[in-house]
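*Asks:* Can you read through this structure? Questions will come right after.
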Amino acid sequence: MFQAIHETVEYIKRKTEQFQPEVGIILGTGLGVLVKEIEVSFSLMYPNIPNFPISTLEFHSGKLIFGTLNGKKVVAMQGRLHYYEGYSMQQITFPVRVMKALGIQYLFVSNAAGSLNPDIKKGDLMVINDHINLQLESPLRGRNDADMGPRFPDMSEPYSRKLIEKAMEIVTEEGITCHQGVYVSVTGPNLETKAEYKYLRIIGGDAVGMSTVPEVIVATHMNLPVFAISVITDEGFGDVLHPVSLDQILETARVAEPQMTKILSQLISKL
Ligand code: HPA
């Protein structure tokens with residue numbers, strides 16, 4: 001893997017005139033508005049980047065964007081890779097390894113998630129302060145490269161407490177409603193049954209989604225501080241479970257997105 005990362009990093013450096021990002025950003029399903037705030041210097045299509053996972057139809061337009069956001073040099077993934085698309089855990093997390101090798105010091109992640117907690121409603125935001133990995137396979141399975149990180153990484157603080165505190169200050173200043181909670185990752189692509197939502201709440205989850213945790217585990221392996229936030233797009237609690245469609249999820253994400261973008265954008269400017 002070291003060789004593949006090296007090759008990809010060399011290609012990117014060449015194509016971006018040695019651009020050195022300080023912050024990496026992974027944008028979730030339907031959450032691309034932040035990209036519009038980036039003053040773009042370079043943009044590379046996933047299929048042209050050596051060793052990047054070959055895009056499925058959904059992310060035919062996947063792009064790695066290099067530019068400046070509020071005075072900070074950033075690299076943003078527009079189009080994230082999901083396990084349910086058929087990629088391996090190593091493939092999904094490969095871009096995180098590459099962004100770290102390019103020099104990022106922070107990783108910011110957004111996603112769309114279903115609420116398990118009756119206090120957290122559709123359209124709300126939730127800063128992730130911990131997670132439960134139900135994707136079951138770790139992206140760190142296999143031989144460990146000690147140059148990248150330890151065999152048994154500590155997971156006592158995968159989501160930077162300092163970044164969460166700063167984010168909550170911004171939330172208060174801006175008068176944004178934003179919860180904190182535990183994100184449960186599942187493989188998908190099917191959504192959960194009523195019994196499964198209930199189970200996920202019982203084991204300690206506040207929200208459930210199909211992404212984020214693999215990237216966070218790999219970031220933690222490399223000692224990279226993470227900030228992650230969910231847009232709640234549907235509700236999995238209560239006696240009646242309403243059917244949800246991707247269109248509804250995208251529409252809710254679109255409506256809630258500006259507030260989330262404000263938090264991410266201000267937090268990045270305050271790093
Ligand atoms: N379950 C799993 N993943 C999701 C959900 C959900 O309810 N909403 C958005 N992503």
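The values are calculated or read from the model by the stated rules, or taken from the named source; none is laboratory data. All values reported here derive from a predicted model rather than from experimental measurement. Backbone-built Cβ (ideal geometry, glycine too); neighbour counts: all protein chains shown.
*Asks:* Looking at the stretch 3-118, what strands (runs of 3 or more DSSP E) fall wholly within it and have at least 3 residues that are among the polar types (S, T, N, Q)? Quick ask: steps written out before the conclusion?
*Replies:* On the way: elements: 23-26, 39-45, 63-69, 72-78, 106-115.
Once the strands (runs of 3 or more DSSP E) in the stretch 3-118 are filtered for at least 3 residues that are among the polar types (S, T, N, Q), what remains is 106-115.
*Asks:* Among the residues of the stretch 170-211 satisfying the criterion of being β-branched (V, I, T) and within 12 Å of the ligand (Cβ to nearest atom), which is surrounded by the fewest Cβ atoms within 10 Å (Cβ to Cβ)?
*Replies:* Step one: of the stretch 170-211, the residues β-branched (V, I, T) are 170-172, 176-177, 182, 184, 186-187, 193, 202-203, 208.
Then keep just the ones that are within 12 Å of the ligand (Cβ to nearest atom); that gives 184, 186-187, 193, 208.
Working: V184: 25, V186: 24, T187: 13, T193: 11, V208: 26.
Applying the filter and picking the extreme gives T193.
*Asks:* For the stretch 28-42, which positions are charged (D, E, K, R) and without any contact (Cβ under 8 Å) to a residue 60 or more places away in the chain? Walk me through how you get there before you give the answer.
*Replies:* Taking the stretch 28-42 first, the residues charged (D, E, K, R) are 36-37, 39.
K36, E39, listed by residue number.
*Asks:* With respect to Y87, is the statement that it is modelled with pLDDT under 95 and either closer than 27 Å to L250 by Cβ or surrounded by 16 or more Cβ atoms within 10 Å (Cβ to Cβ) (or both) true? It would help to see each step written out before you state the result.
*Replies:* Numbers: modelled with pLDDT under 95: yes; either closer than 27 Å to L250 by Cβ or surrounded by 16 or more Cβ atoms within 10 Å (Cβ to Cβ) (or both): yes.
So Y87 fits the description; yes.
*Asks:* Let me ask something else about it. State yes or no: is G204 more than 30 Å from G103 (Cβ to Cβ) and not charged (D, E, K, R)?
*Replies:* yes
*Asks:* Taking the stretch 156-192 as the search range and keeping residues that are free of Cβ contacts under 8 Å to residues at least 12 places away in the same chain and of a type in the set (S, T, Y), which one is farthest from V109 (Cα to Cα)?
*Replies:* Here the residue is T172.
*Asks:* State the number of residues belonging to the stretch 119-153 that are part of a loop (DSSP other than H, G, I, E, B), free of Cβ contacts under 8 Å to residues at least 60 places away in the same chain and more than 16 Å from the ligand (Cβ to nearest atom).
*Replies:* 8
*Asks:* Does V216 qualify as being in contact (Cβ under 8 Å) with a residue 60 or more places away in the chain and under 23 Å from L34 (Cβ atoms)?
*Replies:* On the way: in contact (Cβ under 8 Å) with a residue 60 or more places away in the chain: yes; under 23 Å from L34 (Cβ atoms): yes.
Yes: the conditions hold for V216.
*Asks:* To continue, here is another question. Does G71 satisfy the criteria of being within 20 Å of F108 (Cα to Cα), of a type outside the set (S, T, N, Q) and more than 21 Å from the chain's Cα centre (by Cα)?
*Replies:* Numbers: within 20 Å of F108 (Cα to Cα): yes; of a type outside the set (S, T, N, Q): yes; more than 21 Å from the chain's Cα centre (by Cα): yes.
The answer is yes for G71.
*Asks:* For the stretch 222-253: of the residues being part of a helix (DSSP H, G or I) and touching a strand residue (DSSP E or B) at 6+ places or on another chain (Cβ under 9 Å), which is surrounded by the most Cβ atoms within 10 Å (Cβ to Cβ)? Outline the logic, then answer.
*Replies:* In the first step, residues of the stretch 222-253 are kept if they are part of a helix (DSSP H, G or I); the result is 246-253.
Cutting the leftovers down to touching a strand residue (DSSP E or B) at 6+ places or on another chain (Cβ under 9 Å) gives us 248-253.
Details: Q248: 14, I249: 20, L250: 15, E251: 13, T252: 20, A253: 24.
Across the stretch 222-253, the extreme among qualifying residues is A253.
*Asks:* Taking into account only those residues within the stretch 92-116 that are over 24 Å from S269 (Cβ atoms) and either touching a Phe, Trp or Tyr at 6+ places or on another chain (Cβ under 7 Å) or of a type in the set (F, W, Y) (or both), which is nearest to the ligand (Cβ to nearest atom)?
*Replies:* A113
*Asks:* Quick one: is A167 crowded, with 21+ Cβ neighbours inside 10 Å, away from the ligand (no atom under 16 Å from the Cβ) and small (G, A, S)? Before you say what the answer is, go through the steps one by one.
*Replies:* Working: crowded, with 21+ Cβ neighbours inside 10 Å: yes; away from the ligand (no atom under 16 Å from the Cβ): yes; small (G, A, S): yes.
When the stated conditions are applied, A167 passes them.
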